[in-house]
1. For the chain, calculate the relative contact order in percent as a whole number, restricting contacts to Cα pairs under 8 Å that are 6 or more residues apart.
2. Sort Lys141, Lys295 so the one with the fewest other Cβ atoms within 10 Å of its own Cβ comes first.
3. Under 5 Å between amide H atoms, partner at least 5 residues away or on a different chain: which partners does Ala215 have, H built in plane at 1.01 Å?
4. Per residue of the stretch 104-121, in order, report the coupling 6.51 cos²θ - 1.76 cosθ + 1.60 (Karplus, θ = phi - 60°) as ³J(HN,Hα) in whole Hz, putting x for Gly and Pro.
5. Can you work out ³J(HN,Hα) from phi for every residue in the stretch 81-89, in order, using Karplus 6.51 cos²θ - 1.76 cosθ + 1.60 and θ = phi - 60°, giving whole Hz and x for Gly and Pro?
6. Taking a label point 7 Å from the Cα of Arg118 along the Cα→Cβ vector, which residues of the stretch 264-285 have an amide N closer than 18 Å to it?
7. So how far, in whole Å, is the C-alpha centre of the stretch 33-112 from the one of the stretch 156-216?
8. At a Förster radius of 25 Å, what calculated FRET efficiency corresponds to the Cβ-Cβ distance of Arg227 and Arg158, to the nearest 0.05?
Amino acid sequence: MTLEFKAPRIEDRDWVTELMASSERESCEYCFGNIFVWSPIYRTHIARFEDYFLAAGTDEDAAYCFPMGRGDLRRAVDALHDHARANGRQLCLFGVTDRDRQLLEAVYPERFTYETDRDFFDYIYTQQDLASLPGKKYHAKRNHIAAFERSGSYTYERITTENLADCVEMDKVWKAENIDKNPVDLENEQRALDRAFEYYTALRLRGALVRLDGAVVAFTMGEAMGRHMFCTHFEKAFSHVRGAYPMINREFAARELREFPLINREEDTGDEGLRKAKLSYHPLKLLVKYNAVCKD
């Protein structure tokens, strides 16, 4: 069976999401919305092999995601190996968790080498911690939120088609204030976020915003990963508004994510400020991910 990789379309959402939900994956790579909004930047294409979802970059040295779905894993890996060789590549699988590594070693013992990159470990939290911020370790977060609550009249809203444009306008201001810090990465993120805005309803994203004295000062959005985990893709707040970030984080977890025991807030990509911020919320665990490179 020849693999036919193609750019992801909205029409692919249902079959991809069904396979993802059945697998109960923890890695942020396995969210259709995430793949879809970032695909123009990373040039990601997707394919179906039997009951496995596959994804790959289209650059010369691009890697493939670890096959996700159900069935004969050996056949899926063999199909990727054949595709890699046909395109002059060495087979490299990304997003490989410890569980995936065990599965891969069971069918291909000692055929792959494994390398980790701390910059791409996922931060996973309990919904209860983010929603309630309990104990001394979250004392500073609660103080920032209290300061926000004292600073003016604030409201919380679920993002809908009626207020989505307000998030778009707030994001334009946020971008102007921050673009000089890291122009390339922020421009890429902006392209992905614009795509999320455009396809918000079709992707069935879930989000919320906070207003202060009527103006949007923070918003967030993401999507479900199966029944037990939610993945937060974007979170924006004005840094000069004290408490705006912890406020949207807490309120969204408390009001919208009660059915998800776990929340994945994705990786820090090596950004020191982002790493410090994510660690300050005391993750339940850092999800270790490997690149698995086929030796032959």
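1. Relative contact order for the chain comes out at 28 percent.
2. The fewest-first ordering by Cβ neighbours comes to Lys295, Lys141.
3. none
4. Rounded to whole hertz, the list is 5, 5, 5, 9, 9, x, 6, 8, 10, 9, 10, 10, 10, 9, 3, 4, 10, 6.
5. 4, 5, 5, 4, 4, 5, 9, x, 10
6. Answer for the stretch 264-285: 266-285.
7. 31
8. So the FRET efficiency works out to roughly 0.75.
Throughout, read-outs are computed from the coordinates displayed, never taken from laboratory work. These numbers were taken from a predicted model, which means no experiment stands behind them. Counting neighbours? That spans all protein chains shown, and the Cβs are built from the backbone with ideal geometry, glycine included.
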